[in-house]
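Report on the following structure.
The values are calculated or read from the model by the stated rules, or taken from the named source; none is laboratory data. Fair warning: this is a prediction, and the values are worked out from it, not measured in the lab. Positions of Cβ are generated from backbone atoms using ideal geometry, with glycine treated the same way; all protein chains shown enter the neighbour counts.
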């Protein structure tokens, strides 16, 4: 009897160990993670903000959340004329840091094409991870420890999905806004390319947003979709951005270029115009397919396409999409990879990697990466400044 119990325990232990090892293997194989240790500071709302809304075309309401769950929340609210010099600050609870910036309510539509030979650093799919985004830029000398721009006339290209799936969306967006201003003052550029999750927010779809922002909206006396609509400062700013840009001969878009786009006579400027005109309109296909439908499609569109990774494309099909716009290569996010890598004979560069989360620990631990384009070379740039040529 005793031996039977021992054999049973050994069998049970072996089964559990086998299942555990299989689970670990599957997680690693699928480039997944296990989340643990959720930091409660992630839902801290004291000093959260600013949330800025247009009371009229010439008046802005700037709001910060104050208080706590025990004593209650209230708004620190001030109104300004849009021509005023408005100083703002954004607080990050995890390390009790903050950064300052000025609000300027005139939003210029960015150019679609740049050709100056300057260095490019591209990163994508930060997914509301302010700390990892900030620290990556510090480590790689895009900004200094005071969070000021030090990249000179370089191009920092953000290839979509910087929102959702995290609790630092507000911090990430204002940080991009601040860096954009500072880069411009030094002759540099921050290119915020719209991804499908930015589209989600502009279209009022919040299935991937942290529940934290439902609380934020409630305290502001608004619905969630108001945080990025046309009355929201950050919503108008985001809606001014492009979905595709050609920078020093390299295309940048979140998803990719579907081969069918090649059939149509269309420019990069027109691609951006069509997308921008429809940023706040959820897409539903119509019976008669058109170039607009392909561009906006949730399967074939620039912000959504995954064909470089899950369709049997030929080298020729890929190259036609790139050469149509007189480009050497295309850089995309959207589809997760183990590392930044090149594909299709170095014509496609995939840069969506798993980044660490601000308020959650992960196993296996992930490290941020980006793509550095310098002196005609394509370089995988790690968090620790290590470089590998692709």
*Return a yes/no flag: does the stretch 230-239 have any residue that is in contact (Cβ under 8 Å) with a residue 12 or more places away in the chain, touching a helix residue (DSSP H, G or I) at 6+ places or on another chain (Cβ under 7 Å) and within 16 Å of residue 331 (Cα to Cα).*
no
*Would you please name the residue that is farthest from residue 44 (Cα to Cα), looking only at residues in the stretch 78-91 that are assigned to a strand (DSSP E or B) and over 20 Å from the mean Cα position of the chain (by Cα)?*
81
*Would you mind telling me which numbered condition in (1) surrounded by fewer than 19 Cβ atoms within 10 Å (Cβ to Cβ); (2) without any contact (Cβ under 8 Å) to a residue 40 or more places away in the chain; (3) more than 29 Å from residue 293 (Cβ to Cβ) residue 190 fails?*
(1)
_Elements of type strands (runs of 3 or more DSSP E) in the stretch 317-390, at least 2 residues being crowded, with 19+ Cβ neighbours inside 10 Å_ = 329-332, 348-350, 369-374, 377-382
*Since residue 146 meets every condition but one in (1) surrounded by 15 or more Cβ atoms within 10 Å (Cβ to Cβ); (2) in a loop (DSSP other than H, G, I, E, B), which condition does it not meet?*
(1)
*Does residue 212 satisfy the condition of being more than 17 Å from residue 123 (Cβ to Cβ) and surrounded by fewer than 22 Cβ atoms within 10 Å (Cβ to Cβ)?*
yes
*Are any of the residues in the stretch 172-184 assigned by TED's automatic domain parsing to the domain that holds residue 125 and free of Cβ contacts under 8 Å to residues at least 12 places away in the same chain?*
yes
*All but one of (1) surrounded by 13 or more Cβ atoms within 10 Å (Cβ to Cβ); (2) assigned to a strand (DSSP E or B); (3) under 22 Å from the mean Cα position of the chain (by Cα); (4) not assigned by TED's automatic domain parsing to the domain that holds residue 372 hold for residue 94; which doesn't?*
(2)
*Looking at 251, 271, which is the one that is part of a strand (DSSP E or B), modelled with pLDDT of 95 or more, within 30 Å of residue 342 (Cβ to Cβ) and in contact with a strand residue (DSSP E or B) (Cβ under 8 Å, 6 or more places away or on another chain)?*
251
